[in-house]
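Quick notes on the structure that follows.
The values are calculated or read from the model by the stated rules, or taken from the named source; none is laboratory data. Here the structure is a predicted model, which is why all the values come from computation and not from measurement. Ideal geometry is used to build each Cβ from the backbone, glycine not excepted, and the neighbour counts take in all protein chains shown. Keep in mind that these areas ignore ligands, DNA and RNA; they rest on the heavy atoms of the full protein, side chains included. Shrake-Rupley method; radii C 1.70, N 1.55, O 1.52, S 1.80 Å.
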Amino acid sequence: MRKRSFALQTLLLAGAAVLIAGQAQAKDVAPLKPAIDALLDKNYAHLDALYKDIHAHPELGFQETATAAKLAAGMKALGFTVTQGVGKTGVVAIYKNGPGPVVMVRTELDALPMEEKSGLPYASHATQMWNGKPAPVAHSCGHDIHMASWVGTAQALLAMKDKWRGTLMFVAQPSEESTGGAIGMIEDGLFTKFPKPTYGFGLHVGPGPYGYVSYRPGVTTSNSDSMEILFKGRGGHGSMPSLTIDSVVQAAKFVVDVQTVISREKDPAAFGVVTVGAIQAGSAGNIIPDSALIRGTIRSYEPGVRTKLLDGVRRTANAEAAMAGAPAPQIELTPGGTAVVNDIALTDKTAKVFKAAFGDKAVLEAAPSPASEDYSEFIIAGVPSVFFSIGGYDPAKIAAAKAKGEFLPGNHTPYFAPVPEPTIRTGVAAMTLAVMNVMQP
């Protein structure tokens, strides 16, 4: 993964914003929403079945062969020219409808290596190989909602093709969760073998109320880097720790001490998070292992904070080993997704459409999301974009949970379960209107 300057990225987007700002104001597309709703009444059963099928049969990054085949078949049936295997398992579907802009609509294909505990009748029981061994797989991030909305948007746009002109470029991207999928497609010729998009759009579902659409100009997600640190020691009997160098203690101290980088070195007003999500060590309670492996993520908005956190992680890991008299740890810090920066003018243009169509349910986000997303690679490659969010939970249940001081399960938890309808309907309507708004006849 290549590192890029946040300042340069912002400058490039500002230049694109000037070009977009010179175009006509957002079209009044609110009258089109009843037509989209009518199409959804006709097609929703198919989208619901597709969603539940994908949910029940998830696949991990760069292993999404069956998922990609399902989407490819559906797009071919609609009349798109479809290419599979772009960036390993990605899909590109092109539909030309006269002269006009090229508009990219992106979805993700992959799921997460975790067990689903939602109790849904269509819950996943799938397993795939992950880090060399079988692991449970689940769509606990919502990419299945995205895929159903992606297909529904394609259906709606083709049914209303007399109302727009240009080229649709529907991209189904592999391996968003582990990052590498977006850049993999780009390096495989996404913007050279196929038309370079004039605009791009993506969406993400979250634990907010369904029926709502939210957006934010400028920075909208975080930078993300992954860490894998192998602490080394000398194993031995659990009753004789003095004869060992305990790798588990090194790892445990690191998990605690690295948080001082956040609390004592980083500006308290600046966003930054270091999370350890996995610790692997040992085989029995009475054996001190000779190594302990931790895996985690590092997230930030600003490049200076990103650098400080990465330096702090390295320094803390080496210090723990030095204090234990252990060999230097093996440290791998892998750059992940760069912050998604929405084009300001295009976001403003799209927001007008959302407000006209959804009223008070179109909401400006007050702050960027701490989550990360490799859609940023398409923006860095020169595609002015809007990446927006939709809610997935019953507002009444959200209110009831809030009244009890509780929270409903969020993305990346075993219980995350967006309500398919009306969530998918909202995704289709919002994306269709956003695309039509920049493809005026």
Would you pick out the residues in segment 86-115 that are open to solvent by 20 Å² or more (accessible area, probe 1.4 Å), in contact with a strand residue (DSSP E or B) (Cβ under 8 Å, 6 or more places away or on another chain) and assigned to a loop (DSSP other than H, G, I, E, B)?
98, 99, 100, 101, 113, 114, 115
Residue that is touching a residue at least 24 places away in the same chain (Cβ under 8 Å), out of contact with any His (no Cβ under 8 Å at 6 or more places or on another chain), within 17 Å of residue 55 (Cβ to Cβ) and open to solvent by less than 30 Å² (accessible area, probe 1.4 Å), where the choices are 420, 409, 414:
420
Search segment 124-144 for residues being over 26 Å from residue 207 (Cβ atoms) and part of a loop (DSSP other than H, G, I, E, B), and hand back the single one that is modelled with the highest pLDDT.
132
If you take the residues in segment 362-382 that are in contact with a strand residue (DSSP E or B) (Cβ under 6 Å, 6 or more places away or on another chain) and open to solvent by less than 10 Å² (accessible area, probe 1.4 Å), which one is farthest from residue 176 (Cα to Cα)?
379
Considering each residue of segment 334-350, count those that are modelled with pLDDT of 95 or more and open to solvent by less than 40 Å² (accessible area, probe 1.4 Å), and give that number.
9
Conditions (1) out of contact with any helix residue (DSSP H, G or I) (no Cβ under 8 Å at 6 or more places or on another chain); (2) in a helix (DSSP H, G or I); (3) open to solvent by 40 Å² or more (accessible area, probe 1.4 Å); number of the one not met by residue 359:
(3)
Check whether at least one residue in segment 382-397 is under 16 Å from the mean Cα position of the chain (by Cα) and farther than 14 Å from residue 213 by Cβ, and report yes or no.
yes
Matching residues, segment 239-258, being in a helix (DSSP H, G or I), without any contact (Cβ under 8 Å) to a residue 40 or more places away in the chain and surrounded by fewer than 16 Cβ atoms within 10 Å (Cβ to Cβ):
242, 243, 256
Name the single residue, out of those in segment 308-333 being out of contact with any helix residue (DSSP H, G or I) (no Cβ under 9 Å at 6 or more places or on another chain) and more than 24 Å from residue 264 (Cα to Cα), that is surrounded by the fewest Cβ atoms within 10 Å (Cβ to Cβ).
325
Filter result (open to solvent by 20 Å² or more (accessible area, probe 1.4 Å) and touching a His at 6+ places or on another chain (Cβ under 9 Å)) within segment 32-69
56, 66
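Is it true that residue 273 is surrounded by 15 or more Cβ atoms within 10 Å (Cβ to Cβ), out of contact with any Ser or Thr (no Cβ under 7 Å at 6 or more places or on another chain) and among the aliphatic types (A, V, I, L, M)?
Working: surrounded by 15 or more Cβ atoms within 10 Å (Cβ to Cβ): yes; out of contact with any Ser or Thr (no Cβ under 7 Å at 6 or more places or on another chain): yes; among the aliphatic types (A, V, I, L, M): yes.
Criteria met by residue 273.
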Filter segment 55-82 for residues that are assigned to a loop (DSSP other than H, G, I, E, B) and of a type in the set (Gly, Ala, Ser); the one that is nearest to residue 152 (Cα to Cα) is 79
Could you tell me whether any residue of segment 152-174 is open to solvent by less than 10 Å² (accessible area, probe 1.4 Å), in contact (Cβ under 8 Å) with a residue 24 or more places away in the chain and over 22 Å from residue 439 (Cα atoms)?
yes
So residue 188 passes all but one of these: (1) crowded, with 20+ Cβ neighbours inside 10 Å; (2) modelled with pLDDT of 95 or more. Which condition number does it fail?
(1)
